[in-house]
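Derivation of every value follows stated rules applied to the coordinates shown; laboratory data play no part. Note that the structure is predicted; figures quoted are calculated from it, not measured. Reconstructed Cβ throughout: ideal geometry from the backbone, glycine too, with neighbour counts over all protein chains shown.
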Amino acid sequence: MKVPFVSLVPLNREIKEKFLAAVEKIVDKGDFILGSEVKNFETAYASYSGTRYCVGVNSGLDALKIALKAAGIKAGDEVIVPANTFIATWLAVSETGATPVPVDAEKISGNINVALIDAAITKNTKAIIPVHLYGLPCNMDEVMQLSAKYNLQVIEDNAQAQGATYKGKPTGSIGHINATSFYPSKNLGAAGDGGAITTNSADLWKRTQLFRNYGSEEKYIHLSTGYNSRLDTLQAAFLNCKLSLLNHHNEYRIQSAHIYNELLKPLSELQLPQCNADRKHIYHLYTIRTNHRDNLREHLAAHGIETGIHYPLPPHLQKAYAHLGWKKGAFPVTEEISATTLSLPMYYGLHQHEIEYVCKHIKSFFG
């Protein structure tokens, strides 16, 4: 049997006819840049996210970058970031000219350890970017308390958690301005790159609209510098077709995770995902940890099972950030997670018998 790490086929098959009909309308109208589908999606996604405003942009990285710029982050500032995250979180900070200041991860969740943030704050700190890693919300109460204490902007990186909730609040609605990605494999994925910014602030909303479109509200009139970073109308149409199904698709992932948990919990050699009762984990990724990660991955591959590693080398050890001077051992929990985490197949359409097959071969590996 072959079990892919991710497959977009089952989900795309469900919306194919609806999307093709939307494409036909767009082609007939020639409505390709900031067309009506973009506005429709922004309104719908803001409502889904529990925010007043949404601005569609062309990638998750640009969403973070523009959110930081709208929040006033500039050269010489410092921004608190998780040590354990995809490098895009750091890159967005660097793009503003600011410096990413990493904080180590919680051992259980893998999210930023909020207890360590206070010690990392200096007079130059202007913002915190909590990342809801793998679809599991961060401890946002303490993040927002630190924000109020030190007058810091909070920019949620919600790229892996569309539909997750923290104490009943949607992730992407708690920070001052928040960013997400619609990379195709996300829980809400486009047919290419795409991203969005959510906020309850009319001022931040207006700034992000300017920055995504050359700093312009009116053609050839530019109120600020800006970018060419608009959510494509065709991508917005694709996302509009999928958004109403997102809760259903997330529940499917949750049920798949429950099956994994039940089948794998007898294995003491594994650490399985854990989630507090006040947080809804939507399992963008289903990750396990084991000191035998690489050998287990080879074993599964030999039986046709694809897996992923998120992430094999943390940002602080990447050549791109060598100039910051962080050495191995600086963030031990993050480094342990990077050496032991294995992501198992997880997607809408993954069948129970496929999960059982994966778990059977994990169990056979451990004897």
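Classify the stretch 246-365: rounded, prolate or oblate, from the alpha-carbon gyration tensor (a ≥ b ≥ c, eigenvalue square roots; a/c under 1.5 rounded; otherwise prolate if a/b is larger than b/c)?
prolate
Between rounded, prolate and oblate, where does the chain land on the alpha carbon gyration tensor, with a ≥ b ≥ c its root eigenvalues, rounded for a/c under 1.5, else prolate if a/b exceeds b/c?
Here the chain falls in the oblate category.
Test of understanding: in a Gaussian network model of the chain with alpha carbons linked when under 10 Å, which of V79, V101, V154 would top the mean-square fluctuation ranking?
V101
Which length gain, in nm to one decimal place, applies between L8 and D141 when the Cα-Cα distance is subtracted from 0.36 nm times their residue separation?
Here the segment from L8 to D141 would lengthen by 44.4 nm.
When a/c is below 1.5 the answer is rounded, else prolate if a/b is larger than b/c, else oblate, so apply that to the stretch 1-51 with a ≥ b ≥ c taken from the square roots of the Cα gyration tensor eigenvalues.
Oblate, since a/c reaches 1.5 and b/c is not below a/b.
Please go through the stretch 26-135 and write out the trypsin sites (Lys or Arg not before Pro) that DSSP classes as loop and that have at most 16 other C-beta atoms within 10 Å.
The qualifying sites are R52, K74, K107, K123.
Under a 5 Å amide H to amide H cut-off, with H placed in plane at 1.01 Å, what residues pair with R279 once short-range neighbours are removed?
So R279 has HN proximity to K167.
List the residues whose amide H sits under 5 Å from the amide H of H132, counting only those 5 or more places along or on another chain, with H placed 1.01 Å from N in the peptide plane.
Amide H neighbours of H132, under 5 Å, 5+ apart: D157, A159, Q160.
Calculate for the chain the 222 nm mean residue ellipticity that helices alone would give, adding -39,500 (n - 2.57) per DSSP H run of length 4 or more and normalising by residue count, nearest 500 deg cm²/dmol.
Theoretical 222 nm ellipticity from helices: -12000 deg cm²/dmol.
Relative to a virtual label point 7 Å from the Cα of N40 in the Cα→beta-carbon direction, which members of the stretch 1-24 show backbone nitrogen distances below 18 Å?
Counting backbone N atoms under 18 Å from the label point, the list is 14-24.
So how far apart, in nm, are the two label points at D203 and N295 if each is 7 Å from Cα heading toward Cβ?
Distance between label points: 5.8 nm.
Straight-line reach from K328: which lysines have a Cα under 20 Å away, not including same-chain ones fewer than 8 places off?
Partners found: K107, K319.
Once phi is turned into ³J(HN,Hα) by the Karplus curve 6.51 cos²θ - 1.76 cosθ + 1.60 with θ = phi - 60°, what whole-Hz value does each residue of the stretch 122-132 show in order, with x for glycine and proline?
Per residue, the Karplus-derived 3J(HN,Hα) values read 10, 5, 8, 6, 10, 7, 10, 10, x, 10, 8 Hz.
List, in order, the whole-Hz ³J(HN,Hα) value for each residue of the stretch 188-198 obtained from phi through the Karplus relation with A = 6.51, B = -1.76, C = 1.60 and θ = phi - 60°; use x for Gly and Pro.
3J(HN,Hα) across the stretch 188-198, in whole Hz: 10, x, 8, 9, x, 7, x, x, 7, 10, 10.
Find how much the distance from I221 to A339 grows on full extension, using 0.36 nm per residue of separation minus their present alpha carbon separation; answer in nm with one decimal.
Here the segment from I221 to A339 would lengthen by 37.4 nm.
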